[in-house]
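Here the structure is laid out as structure tokens; the discussion comes afterwards.
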Amino acid sequence: MFVFIILGFSFGLGGCYKKQDTTLQVYVLDNTGSVVKDANVNVYAEPTDTSIHNLVSLNFSKITNENGVALFNLNEQYESGQSGVAIVKIKATYYNKSGESVVQIIEDVTNQCSIQIQ
């Protein structure tokens, strides 16, 4: 009986898959390399196929923290086991300064990007 309990427990654990978070950390720096607190960071994606059947788009905005970082949780955009990646555009602004980048988002990891604003 004990063996059956152990085997059942082992098979139960083997079937569990803990999905890791899919996140994007954007670091905003000025032209001297110093972090920029309170910068506005926009992350957006546009579908390559704009037909009625593919209206997927992404548009998020955050303000950088005291370390110049804006953290975006993208778990809602990914299903477990989904293949493929997303290409997102990132724009950071702080008063009259701005910078842009394009990043490939990979599922189940912390994706990172640094943007220098000028």
Environment charge at Leu58 (Cβ cut-off 10 Å; Lys +1, Arg +1, Asp -1, Glu -1)
-1
Protection proxy ranking, peptides 91-99, 35-43, average beta carbon neighbours within 10 Å, highest first:
35-43, 91-99
Given the Cα-Cα distance of Lys19 and Leu71 and 0.36 nm per residue of separation, how much length would full extension add, in nm?
16.9 nm
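Any read-out appearing in this document is the output of simple, stated calculations on the displayed coordinates, not a laboratory observation. Everything numeric in this text was worked out from a predicted model, so none of it was measured. With ideal geometry, Cβ positions are generated from the backbone for all residues, glycine too; neighbour counts draw on all protein chains shown.
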